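**Student:** Shown below is the structure under consideration.
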Amino acid sequence: MRHLISAADLTRDDAVLILDTAEEMARVADRPIKKLPTLRGRTVVNLFFEDSTRTRISFEAAEKRLSADVINFTAKGSSVSKGESLKDTAQTLEAMGVDAVVIRHGASGAPFRLATSGWIDAAVINAGDGTHQHPTQALLDAFTLRRRLVGPDAGLGQDLAGRRVTVVGDILHSRVARSNVDLLHTLGAHVTLVAPPTLVPVGVENWPCEVSYSLDKVLDRSDAVMMLRVQRERMNAAYFPTEREYARRYGLDGERMAKMPGDAVVMHPGPMVRGMEITAEVADSPRCTAVEQVTNGVSVRMAVLYLLLGGNEPAVAQNRPAPA
Ligand code: CP
């Protein structure tokens with residue numbers, strides 16, 4: 001693997017390797033000194049053309065825990081406002097000696113273009129592009145699901161075969177939904193999408209999942225219910241139900257959560273809009289993994305960086321924590 005552009009590019013073995021490597025990284029995070037020397041002397045640039053809290057900070061934490069030199073770039077305040085192109089921006093950064101570029105961009109396909117254009121030699125990791133893909137989000141979601149549903153140690157080498165995951169909300173604009181459908185299918189899970197008809201993408205019948213318009217009908221057969229934020233910034237008000245109507249039909253409250261099987265979990269990639277897709281009661285309940293997903297994101301991003309940039313070196317093995 002030279003780049004990570006789409007969850008659809010990962011085979012089952014690629015994905016399980018990343019999840020298993022992330023388990024090793026999670027053990028490093030539990031140590032008093034949370035650093036590995038694996039990427040010492042390597043430079044990673046975080047190239048963010050769209051806002052982010054979790055993904056940007058999580059990649060930066062992952063890079064620093066692997067001892068990489070980190071450069072943070074945000075389009076706001078850069079020469080992008082003067083009309084500089086993605087190509088020129090990327091080549092400017094590479095001229096300073098960059099080994100990997102983590103890119104978030106509002107245009108679907110921007111990371112693919114960067115990885116395949118020949119503009120730069122650095123490894124490219126997609127941190128979210130338009131409505132297309134967010135592969136490290138899907139990986140951290142799968143990691144969280146495997147830990148919760150199978151267990152950290154029992155989960156090693158395992159996929160999510162037979163697990164039932166329901167993804168609810170604004171599927172139309174969601175790169176998280178697309179990445180999760182691809183990865184969860186590859187890992188053997190059964191995915192059901194639930195959304196108002198106006199927020200279901202054209203062509204969804206070709207995706208490897210089911211579609212339902214009723215959340216209430218699928219709750220009792222879900223091992224996990226993943227709530228999505230409604231991305232108002234990407235939509236026209238004309239095709240969106242009112243907030244009240246949306247919360248009534250597609251929001252997850254305590255009454256609906258009680259219909260889920262006892263060990264089923266509630267997930268959210270963040271940022272959450274409390275009161276709309278999820279009530280505070282559900283968001284703050286022990287069944288909700290939203291904060292755990294953020295913690296797990298650092299380990300998963302460490303694993304991806306390690307496998308892309310340092311995977312042929314034995315640094316992680318040398319630093320493998322002793323069995324407890
Ligand atoms: N889940 C996610 O991508 O969050 P941010 O937009 O805060 O990075």
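The values are calculated or read from the model by the stated rules, or taken from the named source; none is laboratory data. Everything numeric here is computed off the predicted structure, so don't read it as measured data. Don't worry about glycine lacking a Cβ; one is built from the backbone with ideal geometry, like all the others, and counts go over all protein chains shown.
**Student:** Only one of these is in contact (Cβ under 8 Å) with a residue 12 or more places away in the chain, of a type outside the set (D, E) and assigned to a helix (DSSP H, G or I): V165, V176, V191. Name it.
**Tutor:** V176
**Student:** In segment 219-233, what residues are over 19 Å from the mean Cα position of the chain (by Cα) and surrounded by 24 or more Cβ atoms within 10 Å (Cβ to Cβ)?
**Tutor:** Correct list: S222 only.
**Student:** While we're here: If you take the residues of segment 49-63 that are assigned to a helix (DSSP H, G or I) and small (G, A, S), which of them is nearest to the ligand (Cβ to nearest atom)?
**Tutor:** Filtering first and then ranking leaves S58.
**Student:** Condition first: among the aliphatic types (A, V, I, L, M), modelled with pLDDT under 95 and buried (at least 21 other Cβ atoms within 10 Å of the Cβ). Can you find one or more residues in segment 74-81 that meet it?
**Tutor:** No: segment 74-81 contains no residue that is among the aliphatic types (A, V, I, L, M), modelled with pLDDT under 95 and buried (at least 21 other Cβ atoms within 10 Å of the Cβ).
**Student:** Name every residue in segment 268-287 that is more than 23 Å from A142 (Cα to Cα) and touching a Gly at 6+ places or on another chain (Cβ under 7 Å), in order of residue number.
**Tutor:** Result: M276, T279, E281.
**Student:** Between a first residue in segment 57-85 that is on the phi > 0 side of the Ramachandran plot and a second residue that is surrounded by 15 or more Cβ atoms within 10 Å (Cβ to Cβ), which pairs have beta carbons less than 9 Å apart while being 6 or more apart in sequence or on different chains?
**Tutor:** Once the first residue is on the phi > 0 side of the Ramachandran plot and sits in segment 57-85, its partners that are surrounded by 15 or more Cβ atoms within 10 Å (Cβ to Cβ) give S67/L36; S67/T38; S67/L39; S67/R42.
**Student:** Could you check how many residues of segment 131-146 are within 12 Å of the ligand (Cβ to nearest atom) and more than 19 Å from G157 (Cα to Cα)?
**Tutor:** 4
**Student:** What is the number of the single condition among (1) away from the ligand (no atom under 16 Å from the Cβ); (2) more than 29 Å from D159 (Cα to Cα); (3) modelled with pLDDT under 95; (4) touching a strand residue (DSSP E or B) at 6+ places or on another chain (Cβ under 9 Å) that V45 does not meet?
**Tutor:** Only one criterion in (1) away from the ligand (no atom under 16 Å from the Cβ); (2) more than 29 Å from D159 (Cα to Cα); (3) modelled with pLDDT under 95; (4) touching a strand residue (DSSP E or B) at 6+ places or on another chain (Cβ under 9 Å) is unmet by V45, namely (3).
**Student:** Looking at G97, G151 in this structure, which one is away from the ligand (no atom under 13 Å from the Cβ), assigned by TED's automatic domain parsing to the domain that holds Q231 and either within 15 Å of the chain's Cα centre (by Cα) or not polar (S, T, N, Q) (or both)? Give the derivation first.
**Tutor:** Working: G97 fails: assigned by TED's automatic domain parsing to the domain that holds Q231.
Within the list G97, G151, the selection yields G151.
**Student:** Could you check, for segment 69-89, whether at least one of its residues is out of contact with any Phe, Trp or Tyr (no Cβ under 7 Å at 6 or more places or on another chain), within 16 Å of the ligand (Cβ to nearest atom) and within 19 Å of M1 (Cα to Cα)?
**Tutor:** Among the residues of segment 69-89, not one is out of contact with any Phe, Trp or Tyr (no Cβ under 7 Å at 6 or more places or on another chain), within 16 Å of the ligand (Cβ to nearest atom) and within 19 Å of M1 (Cα to Cα), which makes the answer no.
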